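The values are calculated or read from the model by the stated rules, or taken from the named source; none is laboratory data. For clarity, every value in this text was computed on a predicted model and none was experimentally measured. Here the Cβ is made from the backbone with ideal geometry for all residues, glycine too, and neighbour counts use every protein chain on show.
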Amino acid sequence: MQAASGLIDIFTLLAVFLTLFALVSVLERKILARIQNRYGPNRVGPFGLLQPVADGIKMLIKEDVVPARADKPVHFLAPILIAAAAILALGVIPYGRNMTPFSIDGGILFFFAVGSTTELAVFMAGWGSNNKFSMLGAMRAIAQMFSYELPLIVAVLPVVMVVGSLMPDRIVAAQGGYLFGFAPRWFVFTPWGFAAFIIFFVSGLVESNRTPFDVPEGESEIVAGHMTEYSGFKYATFFMAEYLGMFATSGLGITLFLGGWHAPLPFLEFIPSYVWFFVKLSALVFIYIWIRGTLPRTRIDQIMNFAWKFALPMSFACLVAAALWHYAGRGFSGWCWSLAIVGGVYTGLS
């Protein structure tokens, strides 16, 4: 029975997020077209909403070209590994009350453990393709992903320390209730939580290789980066994994800082909990798209300098500020102390 329940959870998860992937991919193109004052997809289906179906069929029937000098097993396994990592990461996120596919005690640890395999998959894609552009793109991706994994993890530690658990369900439960009867107790509304959330969000952008941190896939420089020698369904798998990774990172940010599936106001609690989760997820995904449409690509040296000289020290400052906030009783004095530390370190680093 337990195995059957697990399989049902996996297939439900895949059905929901593959549908969401198709929907977001076409909406992103429509939103970017609106930002750039053009039409976007408008031919396939009503308002162009069936464009993902046409793209999927095209990718399925497209020839799968493998370079003659490629390391074929490594080249084949890379897209499978990166997609599997994203799907496994989605499995530990609470999507609503009693709606966590795999509720485990070390859920946060599991999330980062499977997420760390992404670097291996990217390296396999670059190495297995036996192409200089692929290898250069893979090295760029690994460098920036490794650099931002440190601030990403350290930004999560304040929440884990305050709650005293690595279990996502308990972290969401700790953000339940309302101050003064109307203000949500989400961690993002604390000085350390707000700063940690910004660091987490920016690091998530880098980890997802999204604009303005899409240097590994810079079309004008190295074609498509580590995906240069991929075509057809394998290329589509990389594309899908990027979106699933974006959903997973956004979902973890919602769980840690934005109250998970809790409603923002007490009189809105009659709305199902999973609706609130996906409303918050939609808002974060829209910000991802908005950033892509408005910001230019950042230079690799600027990306690295921001990680090591600002994001990492700032995330450690959030950890110290959260400790003071917690041990000062989470009251006004703790709020002031944490604000002073976060503000002081930010001013010093700026």
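Answer yes if at least one residue in region 174-188 is under 25 Å from A22 (Cβ atoms) and crowded, with 22+ Cβ neighbours inside 10 Å, and no otherwise.
So far as region 174-188 goes, no, none of its residues is under 25 Å from A22 (Cβ atoms) and crowded, with 22+ Cβ neighbours inside 10 Å.
Within region 53-68, can one find any residue that is small (G, A, S), more than 24 Å from S273 (Cβ to Cβ) and in contact with a helix residue (DSSP H, G or I) (Cβ under 6 Å, 6 or more places away or on another chain)?
no
Among the listed residues A83, A68, A78, which satisfies the condition of being of a type in the set (A, V, I, L, M, F, W, C) and surrounded by fewer than 16 Cβ atoms within 10 Å (Cβ to Cβ)?
A68
I'd like to verify a number: residues in region 47-104 that are among the small types (G, A, S) and within 12 Å of Y230 (Cβ to Cβ), how many?
Looking only at that region, the number is 2.
Would you pick out the residues in region 61-78 that are more than 30 Å from R43 (Cα to Cα) and part of a helix (DSSP H, G or I)?
K72, P73, V74, H75, F76, L77, A78
Every residue, every condition in (1) at pLDDT 90 or above; (2) among the β-branched types (V, I, T), yes or no:
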{"residue": "L81", "(1), (2)": "yes, no"}
{"residue": "A84", "(1), (2)": "yes, no"}
{"residue": "V92", "(1), (2)": "yes, yes"}
{"residue": "P101", "(1), (2)": "no, no"}
{"residue": "G106", "(1), (2)": "no, no"}
{"residue": "F111", "(1), (2)": "yes, no"}
{"residue": "G115", "(1), (2)": "no, no"}
{"residue": "E119", "(1), (2)": "no, no"}
{"residue": "A125", "(1), (2)": "no, no"}
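Which of the residues spanning region 317-349 are free of Cβ contacts under 8 Å to residues at least 40 places away in the same chain and of a type in the set (G, A, S)?
Matches in region 317-349: A328, G329, G331, S333, G334, A340, G344, G348.
For N37, state whether it is outside the structural domain of S282 (by TED's automatic domain parsing), surrounded by 13 or more Cβ atoms within 10 Å (Cβ to Cβ) and more than 24 Å from the chain's Cα centre (by Cα).
Judged against the criteria, N37 is not a match.
Looking for whichever is out of contact with any Cys (no Cβ under 7 Å at 6 or more places or on another chain), in the same structural domain as L88 (by TED's automatic domain parsing), of a type in the set (F, W, Y) and closer than 16 Å to I171 by Cα here; the options are F257, F267. Which one fits?
F257
Restricting to region 114-125, what's the tally of residues that are more than 19 Å from the chain's Cα centre (by Cα) and buried (at least 21 other Cβ atoms within 10 Å of the Cβ)?
Selection size over region 114-125: 2.
Among the residues of region 87-113, which ones are under 18 Å from the mean Cα position of the chain (by Cα) and polar (S, T, N, Q)?
Answer for region 87-113, where residues must be under 18 Å from the mean Cα position of the chain (by Cα) and polar (S, T, N, Q): just T100.
A307 passes all but one of (1) crowded, with 19+ Cβ neighbours inside 10 Å; (2) of a type outside the set (V, I, T); (3) free of Cβ contacts under 8 Å to residues at least 24 places away in the same chain; which number fails?
Of the numbered conditions (1) crowded, with 19+ Cβ neighbours inside 10 Å; (2) of a type outside the set (V, I, T); (3) free of Cβ contacts under 8 Å to residues at least 24 places away in the same chain, the odd one out for A307 is (3).
Within region 126-140, can one find any residue that is surrounded by fewer than 22 Cβ atoms within 10 Å (Cβ to Cβ), of a type outside the set (K, R) and more than 20 Å from H75 (Cα to Cα)?
Looking through region 126-140, none of the residues is surrounded by fewer than 22 Cβ atoms within 10 Å (Cβ to Cβ), of a type outside the set (K, R) and more than 20 Å from H75 (Cα to Cα).
Being in contact (Cβ under 8 Å) with a residue 24 or more places away in the chain and outside any loop (DSSP other than H, G, I, E, B) is the filter here, so list the residues in region 28-60 that pass it.
Within region 28-60, E28, I31, L32, I35, Q51, P52, V53, D55, G56, M59, L60 qualify.
For I93, all conditions in the list (1) farther than 25 Å from G259 by Cα; (2) surrounded by 20 or more Cβ atoms within 10 Å (Cβ to Cβ); (3) not small (G, A, S) hold save one; what is the number of the exception?
Condition (1) is where I93 drops out.
Condition test on D105, is it part of a loop (DSSP other than H, G, I, E, B) and charged (D, E, K, R)?
Here the answer is yes, as D105 does meet what is asked.
Which residues, taken from region 271-297, are buried (at least 16 other Cβ atoms within 10 Å of the Cβ) and either farther than 30 Å from A143 by Cβ or touching a residue at least 60 places away in the same chain (Cβ under 8 Å) (or both)?
S273, W276, F277, F278, K280, L284, V285, Y288, I289, I291, R292, R297, listed by residue number.
Of the numbered conditions (1) under 23 Å from W276 (Cα atoms); (2) assigned to a loop (DSSP other than H, G, I, E, B), F197 fails exactly one; give the number of that condition.
Among (1) under 23 Å from W276 (Cα atoms); (2) assigned to a loop (DSSP other than H, G, I, E, B), the lone unmet condition for F197 is (2).
Out of curiosity, is T100 of a type in the set (V, I, T) and surrounded by fewer than 13 Cβ atoms within 10 Å (Cβ to Cβ)?
So T100 fails the test.
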